[in-house]
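Only one structure is covered here, and it is reproduced in the block below.
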Amino acid sequence: MKRYTLSLIISVLTISLAWGANLISENIQSWTPRGSYGSYTQEIPVNGSTGTVSMTRCMVSPGAALSGTGSMGRVQMEATNGILELPQTSSAGAIEFHLAAGSTDRSVKLQSWDGSAWIELTTFSGINTIGSTHIYNLNNPSATRLRLASSSHALYVHDIIVTDFQGLGIPTVTTATISSITAVSAISGGNVTADGGSIVTAKGVCWATSPNPTISGNHSNDGSGTGSFVSTISGLAAQTLYYVRAYATNSQGTAYGEELSFTTSGTDPPAIPTATAATAITASSFVANWNPAVGASSYRLDVSTSSIFASFVSGYNNLTVSNTSQTVSGLSPATTYYYRVRSVNVNGTSASSNVIQLTTVASDPYNGYYNPVLGLTGMALKTGLHDLIDNNTYSNYDGAKTFLFQSLDNTNGVVRCVYTGQDYSISSSYNGSSNPNTEHSYAQSWFGSSESSIKKADVHHLFITNSSVNSSRSNYPFDEVVDVTATYPSYNGYVSLKGTNQSGDTVFEPADQHKGNLARAMLYFSVRYNMTLSQGGVDMLDTFITWHSQDPVDSAELARNAAVYNHQGNRNPFVDHPEYVSYIWGGTTPNTIVQFSPASAMVDEDEGTVTLTVTITNPSPTSATTAQIVLSSGNPADIGNYSTQNISFPAGSSSNRTITVNITDDSLLEGTEILIFSLVNVSGGNSASAGSYSSFNLEILDNDIPAVVATAPINVGYYDFMATWQPAPGITDYYFDLSTDTGFTSFVTGYEDYPCTGNSLYLMGLDDNKTYYYRLRAVYNDSPGAYSNVIFVTTDEVIILDPPLAYEATAVSHEGFTARWSELYGAESYYLEVFSAGSAFASDLIISEYVEGSSNNKYIEIYNGTGNTIDLSSYAIRLYSNGASSPSSTSNLSGSLAHGQAIVYKNSAATLTLPAGVTAVTLSAINFNGDDAVELFKSSTGTTIDIFGRIGEDPGTAWTADSYSTLDKTLRRKPEVLAGITTNPGSGFPTLVSQWDVYPIDTADGLGTHQIAGGSILPGYENYALSNTVSRISGLDPESSYSYRIRASNIGGTSEYSNLIQVQTTGVITGVGANTSIAGASILIEAADLPGYTDNTVTIDPINSPDTDFAVLVSTITDGIRYTINASESSSFAGNYTLRYNGLGFVPAYLAYSLGTTTGSYTGSFGSTETSLNIPAGSGTLVIDILREDPTIPPVLDSPVVVISYSAGQISLSWSPITHATAYLIEASDNPITGFSQIGQTSTTNWTDSALSKRFYRVKALHE
């Protein structure tokens, strides 16, 4: 199981660098928030005073979170254009920034001002989503101005630290007190408290028998860097005065601490020796060994059959030995012995060493075969071995081959080539007659005449080989190949080579699997037949000794040697006794090594058991190897109350040994249990010892750690989200993984086993529009449980915004209008700019766009906003190159240009793609660079119409200001610019920022069109931020021209401007007004007052309004006032209305309204100057009448006074109008006593009747 430790480094602003005091030590948490890219300033403390940070195309987020180093809060720099300039400091030592970004591999340049230009100091690269610290050691003793600029992408600045310059020096170091003084050693050390401004590369102590020791004499080296250290002073003489002092070295030199002195002791006994493994173990003897001990003049040896030395082997109790080994003899076979040793000098005897265990050989496995050479070494052993093994006389070569192929090296009918590893299936009669065939390791051409037939049939050096490789080997000597000339087929991992050795001789190198066998066969052949191992100019002996050690004897080789002995009557002594090689020729007999394989395991607590395997390398053919497996760390109760286990490898055995360990499955929440087993008391073999893997680490995973349930994320943004989970019971710590693939084959940097607490984790610095996956594990006592479920989340996409489409204004009135525009997908906000009309036309032609692009991509756009068609033949474009005062090139224009149109001119080699329908005219004067001035000249009057740059000035490579530059940029004239620069500037390009908008290199999408705003920006409406797509512009002048345009914005940036909309406010019309309810907001409609009135405004508070325009007409009616209201959305009529009528002259008594087919009235309490009412939903036009009287109450009518006249047979009745009368009833009677009858009804005030006879009349007034 992999384990990681995540170090979280918290960067504190008062970091003590190797320089002086902090001149600037600033995080962003107290800065003024800036929610959009722009140019800003910020006052900060600078060395006890204040200074100004200048920002261009930056945003400020004081509360922004962070990941990695740094503090909360950040300045966000726009890609390419963002600049963060620091206030000037009196000097500068180290400059430190804590930087992060929205993705990986970002960079930004650190620049300084040299008095005339910004020069680059370094590039901070490798800026990632995890905050990191970037330091540049400037070491400038004079006044310094610094800035960050030219960022590769948008990035975040979290902290800023600038220290003052104090120069470099040597380190400061103190000497530690001297302790643990013996006759030969002592302990001291020191503390490097300052590095002098550069890295400390070495530190330690130096000592001598005279004062003022230096590093030119005895000294220790105890690391680098600052801080304390401990030093061991060794190799001293007893009872001697020594002087000591600490030292520290950096690039400026070496500093020394105070000098101390001490005197070594002279009465201590010698050091305790270390006993090592026994060697030359036989059935009756062994050699005890130990390492020299400091101060020892002799040693005392104990040998026992008891591990606690309860008794001693006769003659070996406190035996005096003058060297570091001793032969112990007279022992019993197959018996375990123990030995220990002590060192002695005139001052006393040390404590006993560690105890070595060994077991004598059970019996001679070769039945006394090697008794004649026991105790021999060197040439005596070589001669003795020759005499021992020269008894073979077998000379039947065919019989030898049959034995080789059919018995010796045959496994179930299959034989293997020792050079290629290829296996061959052979018949029961095959004896190497074709392929494979027989290799004579000692080449037959080397035999000579003596015993040649016996040599040829000696199976000890015969092996099965591929016939082609055998032929290729020929009689070339064996050695290591350094320059390969031939390779051979390879099977089962066998690789043999032919080529030249280090000396350039042609040699053959067998496969690694055969090198040891071959070496022992060749050594045998040399001893048996007294043959040289120097052939073909190559002495092979040293190579064979090396191969013998590298590829030791195994059980298969021991078995082969025994089989050959049975076949031809002699043995290969170097197989039975590998140590004989070193006894004769030197070198070493490979030690026996035992070790765990594998050396670790990770199991679940409920797995039951685990097996520990111990392997053996270089086993002794004559001596068994034993060891114990102890639990050296951990609780035995976790593994079935484990107790120490003994293992034993018989002599010559290479088989593994195993033990089984039981796992205790409990119900305790305890985390991962780590137990360590160790191999101890390793003895026997060829000086057997534990190998590199002498310890076995067992990790038992707690199956009682509860699982975590990951839950859906919250607050998902473009570059961040909040991961959440349900807390596991009893758990406070978790490991969190974040990946971009479901299989977690890779991880987001820093988020593999990321430690966290609680039930959520805020992740930032991610990519937009990317799917992430997360999971968790509960952690208890540094042990993780099982993985949770996997949750996926996709961050929001950052949309690259097109310009919005501005619509015609609505609800235009005498005091304002409503601006509207299209909603853009991905836009988070909008910026509105409103211009006053000013002059409606430009004074003359202007240079409206300038493109200084890559290579020859140069363009100039000319715009006509004069209101008239212009004859271009009166104009010319003149180029002033490299600061020239007179034109370098002049191009006369031709044709005509209508009002509102633009024409584009280009370099003849320009290749940019222009907008659809736009073509460019080639002119020779369009051949400028960023440092050249361009003039629009009117030749008919000899006057300058417009200047780009400054004639007669060479700015270097470009005119610049803030992020603006005339090099590698497109510059577009601002809409409010109505006239060109007609007078050459006094210096520089003063209108570069105020009159131009800057765009990236090779931007050509605006060429061919231009708009002018015709006025200045209204106060409050420059980049006016809005979240919706409609805005009411009020407080304007009547009968005036205005215009507006829009930009969309999101976290990815701000779009270009929309089209420009022109608006003309209305005149002041009595009783007329308009306004827009945005998202249902209450609005005041300022209807112009009627004659005699002082307030005819209307407040409308709709219940539900989707950005509705309302228009109001207020008019007078008989005995009242009328409000006629129209809405752009009929659904918006429902709501509360407040109607004002200050000047009506009476308190109304009645209100009636109609809205389509819906009608209603109101007779409640009325105010003297205003009345409020609720109108229900409806459609059509809303009409509200406010009246003096309630028409639903019949009025009291006066009786008409009738006048009767007669003429020409006609009776005429007439009367004066009666107030509130709507009609009149005419009644007549011949006899008033008997009553009247109706004879008619009229709405007029007269009536005529025929005079037939005498009649009586009466008239009644009616109100219907």
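Just so it is clear, none of the values below were taken in a lab; they were calculated from the coordinates. All of these numbers come straight from a predicted model, not from anything done at the bench. Ideal geometry is used to build each Cβ from the backbone, glycine not excepted, and the neighbour counts take in all protein chains shown.
When peptides 22-30, 1250-1258, 809-817 are sorted by average Cβ neighbour count within 10 Å, with the highest value leading, the order is 809-817, 22-30, 1250-1258. Mind checking which of Thr592, Ala1004, Pro292 is farthest towards the positive end of the chain's charge dipole, using Cβ charges of +1 (Lys, Arg) and -1 (Asp, Glu) about the Cα centre? The residue sitting farthest along the positive end of the dipole is Pro292. What pairs from Lys109/Lys770; Lys109/Lys858; Lys906/Lys969; Lys401/Lys498 go past 20 Å between their alpha carbons? Flagged as over cut-off: Lys109/Lys770; Lys109/Lys858; Lys401/Lys498. Using the Cα coordinates of the stretch 439-495, the gyration tensor eigenvalues translate into equivalent-ellipsoid semi-axes of 25, 14, 9 Å, sorted from longest to shortest. About its Cα centre, the dipole of the stretch 709-794 is roughly 220 debye, where the only charges are +1 on Lys and Arg Cβ and -1 on Asp and Glu Cβ. Considering only the Cα atoms of the stretch 81-132, their convex hull presents on average a projected area of 4.4 nm². With R₀ fixed at 56 Å, the C-beta to C-beta distance from Arg1255 to Gln1064 puts the FRET efficiency at about 0.20. Segment Ser855..Glu828, full-extension length gain: 6.0 nm, with 0.36 nm per residue of separation and the alpha-carbon distance subtracted. Working note: 222 nm ellipticity from helices only, DSSP H runs with n ≥ 4, each -39,500 (n - 2.57), summed and divided by the residues of the chain, gives -2000 deg cm²/dmol to the nearest 500. Between the helical axis of 512-529 and the longest alpha-carbon principal axis of the chain there is an angle of about 10 degrees. If you wrap the tightest convex hull around every Cα atom of the stretch 839-1014 and split its volume per residue, you get 105 Å³. What the phi angles of the stretch 887-899 give under the Karplus curve with 6.51, -1.76 and 1.60, with θ = phi - 60°, is a coupling list of x, 7, 7, 10, 10, 7, 8, 8, x, 9, 9, 6, 4 Hz, glycine and proline written as x. Overall, the chain carries a charge dipole of about 2060 debye about its Cα centre when +1 sits on the Cβ of Lys and Arg and -1 on the Cβ of Asp and Glu, all other atoms neutral.
In this structure the amide hydrogen of Glu797, modeled in the peptide plane, comes within under 5 Å of the amide hydrogens of Asn769, none closer than 5 places in sequence on its chain. Straight-distance candidates among the aspartates and glutamates for linking to Lys1260, with alpha-carbon spacing under 19 Å and chain neighbours fewer than 8 residues away dropped: Asp1198, Glu1227, Asp1230, Asp1249. Charges on Cβ only, +1 for Lys and Arg, -1 for Asp and Glu, centred on the Cα centroid of the stretch 1170-1264; of Pro1195, His1263, Leu1252, which one is farthest towards the dipole's positive end? Of the listed residues, the answer is Leu1252.
Summarising the overall dimensions of the stretch 89-241 from its C-alpha atoms, the Rg and Dmax are 23.0, 71 angstrom.
Each pair of Cα atoms in the stretch 371-585 enters the Kirkwood radius, and Stokes-Einstein at 10 °C and 1.306 mPa s then converts it into a translational diffusion coefficient of 91 µm²/s.
Note on the stretch 172-263: Kirkwood radius taken over Cα pairs, Stokes-Einstein applied at 25 °C and 0.890 mPa s, translational D equal to 191 µm² s⁻¹. Highest mean packing first, where packing is the average number of other Cβ atoms within 10 Å per residue, the peptides 680-686, 719-725 line up as 680-686, 719-725. Work out the charge dipole of the chain with +1 on the Cβ of Lys and Arg and -1 on the Cβ of Asp and Glu about the Cα centre, then indicate which of Gly537, Phe478, Ser468 is farthest towards its positive end. Of Gly537, Phe478, Ser468, it is Gly537.
The alpha carbons of the stretch 376-468 give a radius of gyration and a Dmax of 15.3, 46 Å, in that order. Listed by chain and number, the aspartates and glutamates whose alpha-carbon sits under 13 Å from that of Lys938, ignoring those within fewer than 8 places in the same chain, are Asp844, Asp871, Asp946.
Its Cα gyration tensor gives the stretch 1203-1262 an equivalent ellipsoid. The semi-axes, each the square root of 5 times an eigenvalue, are 20, 15, 8 Å from largest down.
The tail of the calculated P(r) for the chain, taken as Cα-Cα distances beyond 40 Å, holds 75 percent of the pairs.
Each peptide in 1222-1230, 520-528 receives the mean, over its residues, of other Cβ atoms within 10 Å, and ordering these scores from highest gives 520-528, 1222-1230. Relative to the Cα centre, the charge distribution of the stretch 600-701, modelled as +1 at Lys and Arg Cβ and -1 at Asp and Glu Cβ, gives a dipole magnitude of about 860 debye. Available extension along the chain between Ser746 and Asn492 is 88.0 nm, counting 0.36 nm per residue and deducting the alpha carbon span.
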